[in-house]
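To start, the structure itself, in structure tokens.
The values are calculated or read from the model by the stated rules, or taken from the named source; none is laboratory data. None of these values were measured; they are calculated from a predicted model. Please note: Cβ atoms are built from the backbone with ideal geometry, for glycine as well, and neighbour counts cover all protein chains shown.
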Amino acid sequence: MGNTSSDSRLEACDAQQRLSAGESPAISAAMFSAGVLGNLAALALLARRWRGEPGRGARRGSPISLFHVLVTELVFTDLLGTCLISPVVLASYARNQTLVALAPQRRACTYFAFSMTFFSLATMLMLFAMALERCLALGHPYFYQRRLTRRGGLAVLPAVYAASLLLCSVPLLGRQRYAQYCPGTWCFIGHEQTAYLRLYASLLLLLIVAVLACNFSVILSLARMQRRARRSRCGPSLGGGPRRGERVSMAEETDHLILLAIMTITFAVCSLPFTIFAYMNETSSKKQKWDLQALRFLSINSIIDPWVFVILRPPVLRLMRSVLCCRVSLRTQDATQTSCSIQSNADKYADV
């Protein structure tokens, strides 16, 4: 009996032509405005970095790093997704029609669902590309210097779009239609496409795990750099401490790691409700309560990403770095002083 009521509710939502009374576009309009404003602000900051910021250690015309090429592509992807998806929802509210009634042959519904799956996957693939770039830069510097270039970074975006297009076109190739969900302002992979829905959710989850593994590798590489810097403080041949270039490199890599880690955590949190939604029993009554929340969480990621970049300016990153590394640095300094004094005493006794 419960299964029948769930199925009938799904069918009613999928066939609904008019929005229910009391539906407000306020949340969708706020998300659209925040997404556009945040992405434009992030692109403006990145444009300044591409030109170089005089007076901040960067010379005008200095080349931008591969990491920031990938960040630019991620922000562009988020902006493109926001501008292509949200207006459809606002048009639905403006006409008081659901997506299946907004255009003939459910085209608006198909367009919305395909765009949602495409840009969500493309965003996660861009995050994976950023994490892999940092992992190779620190873990395999020789390969990184020889094989990876900024020009190659420009090719990542079309490659990511091609992969996302291929994977997200499966329902279209199989002539399976997307389903409309209540309140009628969004469409997504249908409940009858359980295998593909779970495959898509599993792919997002796999990419999150891969990004976390790359971030962990970066942390280990930074720890090795810190150990080398600590040992160099006792070496008179190295000038009594780590070179300035090495200190700057470690600080810059730590800033990149903080930025990437926060973006990864954001996507993981935003994707978790969708993953739970995908693996729920399709006849479960709880699944009907998760659908809209899962979509909104998945949409929020493209809004938060640019704001993370806007808020985490270099001064903020330096503050976070100092807070995170303060205790470690104090312990490291004490250990270094102790080891250096032991080494100094040992050298004296050796001379005697």
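Only one of the numbered conditions (1) farther than 30 Å from GLN97 by Cα; (2) surrounded by 18 or more Cβ atoms within 10 Å (Cβ to Cβ) is not met by LEU220, and that is (2).
When THR82 is tested against (1) crowded, with 21+ Cβ neighbours inside 10 Å; (2) hydroxyl-bearing (Ser, Thr, Tyr); (3) touching a Lys or Arg at 6+ places or on another chain (Cβ under 9 Å), exactly one condition is not met: (3).
The number of residues in the range 86-110 being in contact with a helix residue (DSSP H, G or I) (Cβ under 9 Å, 6 or more places away or on another chain) and on the phi > 0 side of the Ramachandran plot comes to 1.
Please find, among VAL308, VAL323, the residue that is in a helix (DSSP H, G or I), at pLDDT 60 or above, aliphatic (A, V, I, L, M) and surrounded by 13 or more Cβ atoms within 10 Å (Cβ to Cβ). Don't jump to the end; show me each part of the working.
Details: VAL323 fails: surrounded by 13 or more Cβ atoms within 10 Å (Cβ to Cβ).
Going through VAL308, VAL323 in turn, just one is in a helix (DSSP H, G or I), at pLDDT 60 or above, aliphatic (A, V, I, L, M) and surrounded by 13 or more Cβ atoms within 10 Å (Cβ to Cβ): VAL308.
PRO242 satisfies every condition listed in (1) in a helix (DSSP H, G or I); (2) surrounded by 15 or more Cβ atoms within 10 Å (Cβ to Cβ); (3) modelled with pLDDT under 70 except (1). For the range 188-201, which positions are in contact (Cβ under 8 Å) with a residue 12 or more places away in the chain and either within 23 Å of the chain's Cα centre (by Cα) or more than 17 Å from SER120 (Cβ to Cβ) (or both)? Within the range 188-201, PHE188, ILE189, HIS191, GLU192, THR194, TYR196, LEU197, ARG198, TYR200, ALA201 qualify. Residues in the range 93-112 that are buried (at least 21 other Cβ atoms within 10 Å of the Cβ) and either touching a His at 6+ places or on another chain (Cβ under 7 Å) or in a loop (DSSP other than H, G, I, E, B) (or both): 1 in all. Which one of SER62, SER33, SER5 is of a type in the set (S, T, N, Q), more than 20 Å from LEU259 (Cα to Cα), surrounded by 11 or more Cβ atoms within 10 Å (Cβ to Cβ) and modelled with pLDDT of 80 or more? Going through SER62, SER33, SER5 in turn, the sole match is SER33. Regarding the range 206-218, can at least one residue be identified that is assigned to a helix (DSSP H, G or I), in contact with an Asp or Glu (Cβ under 8 Å, 6 or more places away or on another chain) and at pLDDT 70 or above? For the range 206-218, residues assigned to a helix (DSSP H, G or I), in contact with an Asp or Glu (Cβ under 8 Å, 6 or more places away or on another chain) and at pLDDT 70 or above: present. Against the conditions (1) closer than 23 Å to ILE300 by Cβ; (2) crowded, with 16+ Cβ neighbours inside 10 Å, LEU90 satisfies every one except (2).
Per-residue answers, yes or no, for (1) among the charged types (D, E, K, R); (2) surrounded by fewer than 13 Cβ atoms within 10 Å (Cβ to Cβ); (3) part of a helix (DSSP H, G or I); (4) touching a residue at least 60 places away in the same chain (Cβ under 8 Å):
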| position | (1), (2), (3), (4) |
| --- | --- |
| PHE114 | no, no, yes, yes |
| LEU121 | no, no, yes, yes |
| MET126 | no, no, yes, no |
| ARG134 | yes, no, yes, yes |
| ALA159 | no, yes, yes, no |
